[in-house]
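No value in this document is a laboratory result; all are computed from the given coordinates. Keep in mind that what you see is a predicted model, and the values were worked out from it rather than measured. Backbone-built Cβ (ideal geometry, glycine too); neighbour counts: all protein chains shown.
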Amino acid sequence: MRQLLRHPLRFPDLDGRTVFICENVNVPAAAANRLAARSAPLVCTDGQPKTAARVLLSALAAAGARLVYHGDFDWPGVRIANLMAERHGAAPWRMSAADYRAAPDGAPLRGKPVAARWDADLAPAMTARGLSVHEEQVLDALLADLAGC
């Protein structure tokens, strides 16, 4: 955070370019291992975005980057995705009810349901299925998107 404040980042070539955002550190690790320099720009929040991540995302948005976010299909993940859209204008990345239904089964879904601001069908689909889906379970699809940009 200190570095970001002392040396504000500038991104002269990002206007209109997509920057992908994920929640889980396994996504950038897999992107680095499988895609290396062929990967599209990717930022990992490592869960709930902390101050440094928020400053970085704000700088990317101010530079004209198109931010897209993917997180876990669980209630905390939906909360984070809502926050990313609200604070940074991030669009959902493979976070629709159809994406959820197509994903493999995960652990039992726990906690209080949260409405997804971008897809009114997502929370009902999650409630009906009753299972969470973590990013590692859809890693191949995420990496395909990162490779395709």
Legend entry - Single match in Ser58, Ser96, Ser132, Ser39 (criterion: in contact with a His (Cβ under 9 Å, 6 or more places away or on another chain) and among the polar types (S, T, N, Q)): Ser58
Legend entry - Residue list for region 42-59, restricted to those being out of contact with any Pro (no Cβ under 6 Å at 6 or more places or on another chain) and farther than 16 Å from Leu5 by Cβ: Val43, Thr45, Asp46, Gly47, Gln48, Pro49
Legend entry - Residue within region 37-44 that is more than 16 Å from Leu139 (Cα to Cα) and free of Cβ contacts under 8 Å to residues at least 12 places away in the same chain present: yes
Inset, instruction - Could you list all residues from region 99-126 that are surrounded by 15 or more Cβ atoms within 10 Å (Cβ to Cβ), of a type outside the set (Asp, Glu) and not in a helix (DSSP H, G or I)? - result: Ala103, Gly106, Leu109, Val114, Ala116, Trp118
Legend entry - Conditions (1) within 19 Å of Ala123 (Cβ to Cβ); (2) touching a strand residue (DSSP E or B) at 6+ places or on another chain (Cβ under 6 Å); (3) among the small types (Gly, Ala, Ser); number of the one not met by Ala65: (1)
Inset, instruction - Being of a type outside the set (Lys, Arg) and either within 30 Å of His7 (Cβ to Cβ) or under 15 Å from the mean Cα position of the chain (by Cα) (or both) narrows it down to one of Ala98, Ala107, Ala120, Ala65, so name that one. - result: Ala65
Inset, instruction - Mind listing just one residue for me: the one in region 127-140 that is surrounded by 14 or more Cβ atoms within 10 Å (Cβ to Cβ) and of a type in the set (A, V, I, L, M) and, of those, farthest from the chain's Cα centre (by Cα)? - result: Leu131
Legend entry - Residues located in region 49-88, provided they are within 25 Å of Gln137 (Cβ to Cβ) and hydroxyl-bearing (Ser, Thr, Tyr): Tyr69
Legend entry - Number of positions in region 1-36 that are more than 21 Å from Val138 (Cα to Cα) and under 19 Å from the mean Cα position of the chain (by Cα): 3
